[in-house]
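S.K.: Before I ask anything, here is the structure I am working with.
Read the figures in this text as sums done on the coordinates, not as results from a lab. These figures come from a predicted structure and were not determined experimentally. Cβ coordinates were reconstructed from backbone atoms using ideal geometry, including for glycine residues, and neighbour counts include every protein chain displayed.
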Amino acid sequence: MEHQILARALHVVGVVLWIGGVAFVTTVLLPAVRRLKEPRERVDFFEAIEGRFAWQARGTTLLVGATGFYMAHAWNLWERFLSPAFWWMHAMVAVWLLFTVMLFIAEPLVLHRWFRESARRDPERTFRRIERLHALLLTVSLLTVLGAVAGSHGWAP
Ligand code: HEM
């Protein structure tokens, strides 16, 4: 198998695990935590379960980034970043950057503590914020997947 084909296959496997996990957390786990737990228990309970996924998300973010940059380099696709028609290339890098900053910098250094303190003051509002943040990340990620699959198979708006 050519290296680029292998990179594309691994890229998609990484995206499936990563964005699929975000979809599960957003549409299954968060609603279950809301239903089963009292407001003041929700954030701690959610963080205890989501901690494991955070490691999976960190690994798959690295895989998707490495394979993505490898393909861009191997096919010399950098000029695409100058054209708005390739908005989906920008979207992939933007989603990747957003998650990289959140998972490797913001969450361990700031967000974790911030959510706990905020949950002590107003648990209902904090949990709603966590739900909204996940819904937003999932929506942007899915639009990016739609654009990337359509765009890399010939669709040009
Ligand atoms: C550093 C970040 C990333 C880079 C540099 C990158 C780069 C690439 C490249 C070069 C391609 C092949 C394009 C082509 O064949 O014309 C591709 C395909 C694709 N990427 Fe990314 N990507 C990145 C992140 C992401 C993210 C975060 C997602 C999902 C949200 C994503 C989803 C996809 C999908 C679904 C495809 C299409 C695969 C196919 O249908 O064959 N990528 N990416």
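S.K.: Going by how many other Cβ atoms sit within 10 Å of their own, how do Leu142, Leu36, Leu82, Leu17 line up, fewest first?
M.R.: On the way: Leu142 13, Leu36 10, Leu82 7, Leu17 17.
Least to most surrounded, the residues fall as Leu82, Leu36, Leu142, Leu17.
S.K.: Convert 37 °C to kelvin, take the viscosity as 0.692 mPa s, use the Kirkwood radius over C-alpha pairs of the chain as Rh, and evaluate the Stokes-Einstein diffusion coefficient in µm²/s, rounded to a whole number. Intermediate results must be reported in sequence, preceding the final value.
M.R.: Values: Rh = 17.0 Å.
Taking Rh from Cα pairs, D becomes 193 µm²/s.
S.K.: Name the residue from Thr144, Leu17, Phe45 whose Cα lies farthest towards the positive end of the charge dipole of segment 3-150, charges +1 on Cβ of Lys and Arg and -1 on Cβ of Asp and Glu.
M.R.: Checked the options; the winner is Phe45.
S.K.: Next question, about the same structure. Any chance you could run the full-extension gain for Val28 through Arg125? It's 0.36 nm times the residue separation minus the Cα-Cα distance, nm to one decimal.
M.R.: Numbers: separation 97, 0.36 × 97 = 34.92 nm, distance 1.94 nm.
That pair, Val28 and Arg125, stretches by 33.0 nm at full extension.
S.K.: Right, here's the next one. Under the definition of Cα pairs under 8 Å and six or more residues apart, what whole-number percent is the relative contact order of segment 40-150? Don't jump to the answer; show the numbers that get you there.
M.R.: Values: 43 pairs, mean separation 47.0, N = 111.
RCO, segment 40-150: 42 percent.
S.K.: Might you report the magnitude of the Cβ-based charge dipole of segment 1-133 about its Cα centre, with Lys and Arg at +1 and Asp and Glu at -1, to the nearest 20 debye? Present the calculation step by step, with values, prior to reporting the outcome.
M.R.: Working: 17 positive and 12 negative charges, 91 e Å.
So the dipole magnitude of segment 1-133 works out to roughly 440 debye.
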